[in-house]
Amino acid sequence: MKVVNHSDEFNVSGSTGPVRLTMSYGDGQDGTALVTKNGTVIAGGADLTNVLLGNAEDLAGQTVIVRSTIGQTDKSTQHFSAVHDVFGSAVHEQFIVADVFDAGTSAVVVETITFK
C-alpha cells in the first residue's frame, strides 16, 4: 500500500472564532479519514464536513493530522487526491495531495497541518 506524507501550514492570524475542516476525494476515488489534534482523535469517517478544529485564537502552534485511506473505486484511472479545505472567519485554504496508486488498489495520505 502506498503511503504519501505531506505537510502544510495554516496562518490563523487575523481570524477569530471557529476553524473547520472539510474532506473530499478526487479523481473518482473514495476514502475515509481520521483527524487528530495534538494526538487526540477529534473526528473520523467517510463524510467529514465542517469538522471543528478549534478557535483560531487557540490554534497557533498546534498540529492537526488527517490520515486518509483511499480506495480505487474508479478503475479507469490510477490517480487519486485528498482535498483538505480548512477555513476560519478570515482565511480559507485548500490543501490538495495528489498521487497515483502503486501496485495495489488503496493508498494512505497523511496530511499534517501546522497552525501558525
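Side notes on the structure shown:
- E93 vs. criteria assigned to a strand (DSSP E or B), modelled with pLDDT under 95 and either in contact with a strand residue (DSSP E or B) (Cβ under 7 Å, 6 or more places away or on another chain) or buried (at least 19 other Cβ atoms within 10 Å of the Cβ) (or both): yes
- Within the range 96-116, the set of residues being within 19 Å of M1 (Cα to Cα) and either modelled with pLDDT of 90 or more or buried (at least 16 other Cβ atoms within 10 Å of the Cβ) (or both) comprises V97, A98, D99, V100, F101, S106, A107, V108, V109, V110, E111.
- Residue in the range 50-66 that is within 27 Å of K116 (Cα to Cα), assigned to a strand (DSSP E or B) and in contact with a Phe, Trp or Tyr (Cβ under 7 Å, 6 or more places away or on another chain) present: no
- Restricting attention to the range 8-42, the residues that are in contact (Cβ under 8 Å) with a residue 24 or more places away in the chain and under 30 Å from D74 (Cα atoms) add up to 18.
- Residue in the range 9-16 that is closer than 16 Å to V110 by Cβ and surrounded by fewer than 17 Cβ atoms within 10 Å (Cβ to Cβ) present: yes
- All positions within the range 17-53 that are surrounded by 13 or more Cβ atoms within 10 Å (Cβ to Cβ), modelled with pLDDT under 95 and of a type in the set (G, A, S): G26, G28
- Of all residues making up the range 72-90, the number that are crowded, with 16+ Cβ neighbours inside 10 Å and either assigned to a loop (DSSP other than H, G, I, E, B) or modelled with pLDDT under 95 (or both): 3
The values are calculated or read from the model by the stated rules, or taken from the named source; none is laboratory data. The model shown is predicted, which means the values in this text are computed figures rather than measured ones. Note that we place each Cβ from the backbone using ideal geometry, even for glycine, and neighbour counts take in every protein chain shown.
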